[in-house]
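Structure, as structure tokens:
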Amino acid sequence: MGSLAGLQLHVRRSALVFAVLAVLLSFSIVSYFQVAGYQYRWVRCIDHFLDGSLYGGQPECAQPPVVYAVGAVLSLISFGHLQAASTLLSIALNIMCLVFILSLVKSGRDEVNHTLSAMYCLVILPLTVGNLATLLAAAFMMSGYHILKSGMGVRRVAVASLLFMLSLASKVVALSGLAGILVVYFISHFSLSIGGRRGLDVSFEVDSSFFKNAAALLFPFLVAVLALKLLYPQIFVYTLFSHVHSEEMSYAQAARDIILTNPLAEGNTMIFYVLVLASILYYLRSRDPTALVYVIASATTFVSRYKPVATTSYLFASHYVIFPLFFLMIISGRYLNSLRKEDLRIQAAFIMLLAAVFYGEFHLYGQPPTRKMISLYTPYTRGLASDVALMEDRIDGVYFLIPPNTGWVLADREMRDLLSERTPNLDMSLVDSRNNPPEEERSIDLGFVPGLKHYNASEGTYSDSTALEEQLADEISSGKYGMIFISPKSYDTQIMHAFNILDRSVAGRYCVIYLPTFRDVKHVRHYTTLLFNDTRQCTDMLFRSKAYLESVFDDLCARDEWVANQMVWGTFARNNLQLDVKCDSGVDTLDRFREAKIADHLKIPVLLALMTAWVTVHMLSKYKFRFRDGKLIMES
């Protein structure tokens, strides 16, 4: 047992030592200290935070302000070593969150504490690497929840309220976890009793401390929200409204679609239902309110993540779904601790760890997690991968047709790699590859830029241009480049930003062609923009590309209808020239390959196997099976 700034922590020393070592080792394995501790797109926002211009026309600065404030402090105290300081802070915050979980579980058993630490490192920690804003939000949320669970005094509640506000001011998606906490906290002050001998007698009572605690919880929170609004008038537009502006589906529609989804055919929905049902059953047995917090937080997250993309989310896949997992860890630890028989606890812990290994995202740096590794080596996935590789070879083969260059060619890094592999006619020594250094990247999320424009919060400029971008714009204007290639991922390259500051007449000098570029997912851009100074080269390339794509079209159609019609036919139609072929094969290799890569087809079978294992272990511990007179007898 220990204390942190007056906060009582119920953690054994052996559990604390194991937790610290587990986090250090796991963080090292997952990141290899090669992942930026502080995202480069946030670096530029620190200056806007310091000069008071944050949320004043910078669409790349759409996070709540805490992460920028922390970045400013870390830059100051680390003497400019922001990345190293951010990585150390991320490790410390992971240890802090895990310690809060262990303290809330309050187990005196090493097997329970060590299992929880291992599960945290397998499931939660991988989702936090490179996501400092999420970690800050989680740490504030867990510290507030710990304070709230350690006493009902008005001061404690007020402090918890401010911590919850800091959590929301670190990452808006923390709202799912906070919603669960606040709903359960408020209903804990109400009691409903039904009884009566002669008739139905229903009584509803409110705890005498309800109004006092409600005021202590809401007043500091609302005052902090008002202060942020006064300090940053556009804060809600940048951090909330612009993010949901393009979402057409309502929460009710999302919930209805999820309810109508067949869980036996959709692994993510099945896992969601099983965990929610297990938590409800655990609550009915233990009356542990944290189980209700998880149910509400998990349901809120599942619906809110379905809403933007109309696709169910995997509950262990990203930092967007991380907040309910902290409460799942707590109830898992308490359930494990409630098992009286040591052998049953060890067996249950083993099953939990197997589940964490398979469903979690823990991985060696640069390698896929265990679940995906298993799937990638199955004959089914390897067969799909072969078809996908063939489609890539056919589509990107169009770049073999690019004519020789006699002068400079401009391309971003991704396009240069493709050209060096696929285009034997180019003199690569004359290919000028331009990308911004990491610290100058904006990494604009184009999904919320329309929302900023809708609310008149952005003029459409992506922050001030850099000296390198202005220099490149001058070089393009001078006619230095005979060909310019802009890849599908060009939205944050020097080339794109240079074109944004160019006069429109400069772009008008070039003849433009759009060609398909293979990418194995559907919801991203699949075309490359080619600009030629020489109109004859441009026209020749256009018609040679048309003939080539028509020659491989049937091969593509046989493997994936969407690839043939959208990635190839649809892209080429941008040139105001249509291919003389269409596809109606109905084959959908890309989606099946995507599901196979993330092991979608294995989620339900493994879940059923783990549930069967647990029921078997539980039955064997509770009952004895013996043969008597040739019959199997079950005795309790």
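Observations on the model:
- Cα shape, the stretch 78-119, gyration tensor, a/c 1.5 rule: prolate
- With all protein chains modelled, accessible area of ASP503 [1.4 Å, Å²]: 100
- Taking packing as the residue-averaged number of other Cβ atoms within 10 angstrom, the listed peptides 165-171, 476-482 run from highest to lowest as 165-171, 476-482.
- Seen from GLU595, the other residues with C-beta closer than 15 Å to its C-beta sum to a net charge of +1, counting Lys and Arg as +1 and Asp and Glu as -1.
- DSSP H segments from the chain that extend 30 Å or more along their own axis, Cα-based, with Kyte-Doolittle mean of -1.0 or above: 82-105, 210-231, 289-309, 535-557, 600-622
- Distant-in-sequence amide H partners of SER53 (H built 1.01 Å from N, under 5 Å): none
- The chain, accessible area per residue, ligands and nucleic acids excluded (1.4 Å, Å²): 47
- When each of the peptides 303-316, 212-225 is scored by how many other beta carbons lie within 10 Å of its residues on average, the order from highest to lowest is 303-316, 212-225.
- Whether the stretch 326-404 is rounded, prolate or oblate, judged on the alpha carbon gyration tensor where a/c under 1.5 counts as rounded: prolate
- Carbon and sulfur %, accessible surface of the chain computed with the full protein complex present, 1.4 Å: 60
- Solvent-accessible surface ranking, highest first, for LEU336, LEU542 at 1.4 angstrom: LEU542, LEU336
- The slack in the chain from ILE346 to SER78, taken as 0.36 nm per residue of separation less the alpha-carbon distance, amounts to 92.1 nm.
- Taking all protein chains as they are arranged and a probe of 1.4 Å, the heavy atoms of MET428 leave approximately 40 Å² accessible to solvent.
- Here the chain carries DSSP beta bridges of which approximately 80% are antiparallel, counting only pairs with both residues inside.
- Plainly put, the chain has a radius of gyration that is 1.02 times its Kirkwood radius, both from alpha-carbon atoms, as the Rg/Rh ratio.
- Rolling a 1.4 Å probe across all protein chains gives THR535 an accessible area of roughly 90 Å².
- Isolated Cys residues of the chain, judged by Cβ distance under 4.7 Å to other cysteines: CYS97, CYS121
- Taking the C-alpha atoms of the stretch 289-341, convex hull volume expressed per residue in Å³: 74
- Under 5 Å from the amide H of LEU410 lie the amide H atoms of ASP432, MET483, ILE484, PHE485, each residue being 5 or more positions distant or on a separate chain, with H modelled from the backbone and absent for Pro and chain starts.
- Computed [θ] at 222 nm, helices only, for the chain once each DSSP H run of length n ≥ 4 contributes -39500 (n - 2.57): -18000 deg cm²/dmol
- For LEU9, the residues whose amide H sits under 5 Å from its own are GLY2, SER3, LEU4, ignoring neighbours fewer than 5 places away on the same chain, with H placed 1.01 Å from N.
- Of the chymotrypsin sites (Phe, Trp or Tyr not before Pro) in the stretch 20-109, the ones in a loop by DSSP (not H, G, I, E or B) with at most 10 other beta carbons within 10 Å are PHE79.
- Ranked by the mean number of other Cβ atoms within 10 Å of their residues, highest first, the peptides 594-600, 504-510, 130-136 come out as 130-136, 594-600, 504-510.
- The 1.4 Å probe gives accessible areas that order ILE187, ILE296, largest first, as ILE187, ILE296.
- Accessible area, probe 1.4 Å, largest first, for residues THR589, THR539: THR539, THR589
The values are calculated or read from the model by the stated rules, or taken from the named source; none is laboratory data. All of these numbers come straight from a predicted model, not from anything done at the bench. Neighbour counts are summed over all protein chains in view; Cβ atoms, including those assigned to glycine, are modelled from backbone coordinates with ideal geometry. Surface accessibility is based on the protein's heavy atoms, side chains included, excluding ligands, DNA and RNA. Shrake-Rupley method; radii C 1.70, N 1.55, O 1.52, S 1.80 Å.
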